1. Only one residue in Gly138, Gly143 is part of a loop (DSSP other than H, G, I, E, B) and either under 20 Å from Ala98 (Cβ atoms) or under 20 Å from the mean Cα position of the chain (by Cα) (or both). Which one?
2. Among the residues of the stretch 116-146, which ones are at pLDDT below 95, closer than 18 Å to Ile52 by Cα, aliphatic (A, V, I, L, M) and open to solvent by 10 Å² or more (accessible area, probe 1.4 Å)?
3. Which pairs have Cβ atoms under 6 Å, sit 6 or more apart or on different chains, and link a residue in the stretch 287-298 that is more than 20 Å from Ser178 (Cα to Cα) to one that is open to solvent by less than 10 Å² (accessible area, probe 1.4 Å) and part of a strand (DSSP E or B)?
4. In the stretch 234-257, how many are closer than 13 Å to Pro209 by Cα and polar (S, T, N, Q)?
5. Hey, can you tell me all the residues within the stretch 229-262 that are closer than 18 Å to Asp180 by Cβ and out of contact with any strand residue (DSSP E or B) (no Cβ under 7 Å at 6 or more places or on another chain)?
6. With the condition kept exactly as written, say whether any residue in the stretch 254-268 is more than 26 Å from Ala184 (Cβ to Cβ) and under 21 Å from the mean Cα position of the chain (by Cα).
7. Go through (1) at pLDDT below 95; (2) under 21 Å from Ala153 (Cβ atoms) one by one and return the number of the condition Pro58 breaks.
Amino acid sequence: MRTATCLFLPALAALLLLTACGSGQPGSLGPDVTGPASRPAVTAPSVDGVRITSVTLPSGTPAASPGPDGFSVHPDPLPDRVSGVSAAYEVTNDGTAALTYTVLFAFTTDTGEVMASREETVRSVGAGATVGGTVRLGELVPGASPVTRVKVARVTRVPAGEAPPASGQCPPSGIRLSADQGDAAMGLRVVGLHLENCGTRAYALDGYPLLELLDEDLSPVEGVRIVRGSGGISTGTGFDEPARPLVLKPGESAVSGLMWRNTTEDGAPVDVPYVRVRAERGADAVTVTPHLDLGTTGKLAVRAWARPPQ
């Protein structure tokens, strides 16, 4: 199942150069070339298990010059009734447990300028399995430059049983937990945690979410101190508000947050791409992808659960 959602682990981009071939000489395409639609195979390295296998260009897309990556495909133009650009892709799980992947695709010009990005979530890819899908560009804004390339810009993957639920879905626990895109200012970083009671019974909270910091291999990250409250990182943020008992009726929600500074001084900086979150002790875990660039501070602040501001 794939849904359009947003996450944050940067990855080396696998760039695919889309060079059209027309009815005349191969490797060239004029604006008035016609021919059958084509979705040629692509040979390119994968990015964290994700690779683009074929591409489709609309009729009249200008030819692109060779790119530095050396990978190119030659799609024929599409019939006039078809518009837009799409790319077929495969996700291969080489691990030993089922994973849910979130992939950011970038649609760019010949010079690499990103015209649009699309995000796809591929859920529950079994160990050793390969799952295919198609990402579609859709409509571009008027006046946008032609898209001639597609690349895999970012991949995140979490245990399938710990993935945030799809939009509109309520997990069996009746509690939906997610992280937002965060906010940054002058080295201060804040990411919000959001908990919604989507079930049919009241849900009681009293305290702070429980956190486990994970690296790219989903293994625990050592050497980071998690503090309750602001921990002196910044004042006036609401992180020092004390924990209070909450009872969330169905449809009600609560918020928490993570705060840190990405100051880099002596020592190696610490990056935390994944955070396993439990609303409270004994609750089901949800792994979110805020990508904490902690610098060398070695400290992460967590805020108590509270009702969202009115």
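The values are calculated or read from the model by the stated rules, or taken from the named source; none is laboratory data. The structure presented is a predicted model; accordingly, all values stated were derived computationally and were not measured. Every residue, glycine among them, receives a Cβ derived from its backbone with ideal geometry; neighbour counts consider all protein chains shown. To get the accessible areas, we keep the full protein, side chains included, count just its heavy atoms, and leave off ligands, DNA and RNA. Shrake-Rupley method; radii C 1.70, N 1.55, O 1.52, S 1.80 Å.
1. Values: Gly143 fails: either under 20 Å from Ala98 (Cβ atoms) or under 20 Å from the mean Cα position of the chain (by Cα) (or both).
Residue meeting the stated conditions: Gly138.
2. Selection gives Ala116 alone.
3. Leu294/Trp260
4. Residues in the stretch 234-257 being closer than 13 Å to Pro209 by Cα and polar (S, T, N, Q): 1 in total.
5. none
6. no
7. (2)
Table: residues versus (1) open to solvent by 40 Å² or more (accessible area, probe 1.4 Å); (2) in contact with a Leu (Cβ under 6 Å, 6 or more places away or on another chain); (3) not basic (Lys, Arg).
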{"residue": "Ser167", "(1), (2), (3)": "yes, no, yes"}
{"residue": "Gly192", "(1), (2), (3)": "no, no, yes"}
{"residue": "Glu196", "(1), (2), (3)": "yes, no, yes"}
{"residue": "Arg201", "(1), (2), (3)": "yes, no, no"}
{"residue": "Leu218", "(1), (2), (3)": "yes, no, yes"}
{"residue": "Arg225", "(1), (2), (3)": "yes, no, no"}
{"residue": "Gly229", "(1), (2), (3)": "no, no, yes"}
{"residue": "Gly232", "(1), (2), (3)": "yes, no, yes"}
